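The values are calculated or read from the model by the stated rules, or taken from the named source; none is laboratory data. Everything numeric here is computed off the predicted structure, so don't read it as measured data. For neighbour counting, all protein chains shown are included, and Cβ atoms are generated from backbone atoms with ideal geometry for every residue, glycine included. Accessible surface areas use protein heavy atoms only, side chains included; no ligands, DNA or RNA. Shrake-Rupley method; radii C 1.70, N 1.55, O 1.52, S 1.80 Å.
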Amino acid sequence: MQFELTDEIVNQIIFSMEDQKVLRVFDSENNSLVAFNGSEHTDGNRFYPLPVWDSVNGFAIMEHFVSGLRNPPVKEKLRTVLSGGKGVFRGFKDVLKEHPEVENLWFSFKERALKREITAWYNLLRDSWSLEKIGEEPEETDELLHTDFIFRPYDAEADMHSLREARICAEEEIRSAYEKELAETLLFLRRSSVPGNRETDGYTLLAHTAQKDFAGFISALPFPENSHKTMLITSFYVLPAWRGLGVGKSLFTRCTDILKNDGIRRIIVPAVHIPDFFEHIMFRSGFQRIPAGFYADTDTQTGTSTEFGF
């Protein structure tokens, strides 16, 4: 018997797929799930077995999630759990509980994976009914930021310490990644990108988690001094614990949108703030390469919606 795959039915099937204790089938006559009883549920035109989902599938999706996670500290913890053998599922959940933002990404990732399995299952049924297959819904990932992170302007009295700690963290990261002389050269270039000591003249946007943990920031200054049309990005940093969650993307997008709304026409980003793997992102955002880094004319820029890797 043909049936429509509604959101309610999808949610019921997801619940059943994750519940390994009870084997259920879908009753197409009543549009509901029922516990399988072989003697009563043999009508293949009414009762349909659900998509197969067991611990092997569960482990595979966990591995897939970890392989694509761009948060190094949490990624390493989860990798250790997955290679530990006994207690993998419990250990995986325990690590995610310590990192709510990553846990929310996992829930969203897993739900999309389950929905893909259900869609594939339903399309097999539609094929047997000689009906056209349905397509998958587009994935939505940015919506997590609206509830997991808070973005606000810099408050000198409240945020001075957090900003100072973030700058120290950024410098230590460079020192640990490069040999001494090269590291000091890179740090000199970073500091030189801030003309004089005029940070109070510019704009700084901060990111915090819902639990008020400092996650990152971006700063811009008018340059040349007293310019009303050109801004220079002087700092852009996301703490390692919050990378891979779209924080960098949202900081950059929100900051550049605010600058454009304030009448800023030219935005310059020194190359020292942008790793090599960001170049294609800058180009997609409407920026072009210049000797000092990247440049965008906001009068012609098509948008700044990008997926930053930190």
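Wrap a convex hull around the Cα atoms of segment 19-113, take a quarter of its surface area, and give that in square nanometres.
Projected over every direction and averaged, the Cα hull of segment 19-113 covers 7.6 nm².
What FRET efficiency comes out for D213 versus E63 if R0 is 25 angstrom and r is the Cβ-Cβ distance? Round to the nearest 0.05.
Efficiency, rounded to the nearest 0.05: 0.35.
In terms of the Cα gyration tensor, with a ≥ b ≥ c the square roots of its eigenvalues, is segment 228-298 rounded because a/c is under 1.5, prolate because a/b exceeds b/c, or oblate?
Since a/c reaches 1.5 but b/c is at least a/b, the shape of segment 228-298 is classed as oblate.
Testing the spin-label approximation: label points 7 Å from Cα along Cα→Cβ at L125 and V22. State their distance in nm.
Label-label distance for L125 and V22, simple model: 1.8 nm.
If packing is taken as the mean number of other Cβ atoms within 10 Å per residue, what is the order of 35-46, 121-132, highest first?
Final packing ranking: 121-132, 35-46.
Using θ = phi - 60° and the Karplus curve 6.51 cos²θ - 1.76 cosθ + 1.60, what whole-Hz ³J(HN,Hα) does each residue of segment 17-32 get, with Gly and Pro shown as x?
These are the phi-based 3J(HN,Hα) values: 4, 7, 8, 7, 8, 10, 8, 10, 10, 8, 9, 6, 6, 9, 6, 8 Hz.
Report the local net charge at N31: Lys and Arg +1, Asp and Glu -1, summed over other residues whose C-beta lies under 13 Å from its C-beta.
It works out to a net charge of -4.
If you count only protein heavy atoms and use a 1.4 Å probe, how large is the accessible surface of S83, to the nearest 10 Å²?
Only protein atoms counted, so the area is about 100 Å².
Taking amide H positions as placed 1.01 Å from N in the peptide plane, with prolines and chain starts having none, which residues 5 or more places from T234, or on another chain, fall under 5 Å of its amide H?
S219, A220, L221
Send over a whole-number figure in Å² for the accessible area per residue of the chain, probe 1.4 Å.
55 Å²
Which whole-number percent is the relative contact order of segment 1-119 (Cα, under 8 Å, 6+ apart)?
22 percent
Kindly provide the helix-only [θ] at 222 nm of the chain, computed as the sum of -39,500 (n - 2.57) over DSSP H runs of four or more divided by all residues, to the nearest 500 deg cm²/dmol?
Calculated mean residue ellipticity at 222 nm is -14500 deg cm²/dmol.
May I ask you to give the percent of accessible area on the chain that is carbon plus sulfur, with a probe radius of 1.4 Å?
Here it works out to 52 percent.
Karplus couplings for segment 57-70 from phi (6.51 cos²θ - 1.76 cosθ + 1.60, θ = phi - 60°), rounded to Hz, Gly and Pro as x?
Along segment 57-70, the couplings run 4, x, 5, 4, 6, 4, 4, 5, 4, 5, 5, x, 6, 10 Hz.
Most fluctuating residue of L245, L187, L78 in a GNM of the chain with Cα springs under 10 Å: which is it?
For the chain, modelled as a Gaussian network with Cα springs under 10 Å, the answer is L187.
Kindly identify segment 53-98 as rounded, prolate or oblate by the Cα gyration tensor criterion: order the square roots of the eigenvalues as a ≥ b ≥ c, call it rounded if a/c is under 1.5, otherwise compare a/b with b/c, prolate if a/b is larger, else oblate.
oblate
Looking only at the chain, where both bridge partners belong to it, what percent of the DSSP beta bridges are antiparallel (to the nearest 5)?
So the antiparallel bridges amount to about 90 percent of the total.
What are the residues whose amide H is under 5 Å from the amide H of L33, where those residues sit 5 or more places off or on another chain and H is modelled from the backbone?
Excluding prolines and chain starts, which carry no amide H, the hits are D27.
Ignoring everything but the protein chains, give the 1.4 Å probe accessible area of K260 in square angstrom, nearest 10.
For K260, the solvent-accessible surface is approximately 60 Å².
With N set to the residue count of the chain, report its C-alpha Rg divided by 2.2 N^0.38 Å to two decimal places.
Taking the Cα Rg and dividing by 2.2 N^0.38 Å, one obtains 1.29.
Using amide H atoms built in the peptide plane, which far-off residues or other-chain residues are under 5 Å from G216 H to H?
Distant-sequence amide H within range of G216: A207, L239.
Hey, what do the phi angles of segment 156-161 turn into as Karplus ³J(HN,Hα) couplings, whole Hz, using 6.51/-1.76/1.60 and θ = phi - 60°, x for Gly and Pro?
Per residue, the Karplus-derived 3J(HN,Hα) values read 4, 6, 8, 10, 4, 5 Hz.
Taking N as the number of residues in segment 93-138, what is its alpha-carbon radius of gyration divided by 2.2 N^0.38 Å?
Normalised Cα radius of gyration, segment 93-138: 1.64.
Which net charge results when you count Lys and Arg as +1 and Asp and Glu as -1 among the other residues whose beta-carbon is under 13 Å from that of F92?
+4
When the Cα centres of segment 228-295 and segment 1-25 are compared, how far apart do they sit, in Å?
Each part's Cα centre sits 45 Å from the other's.
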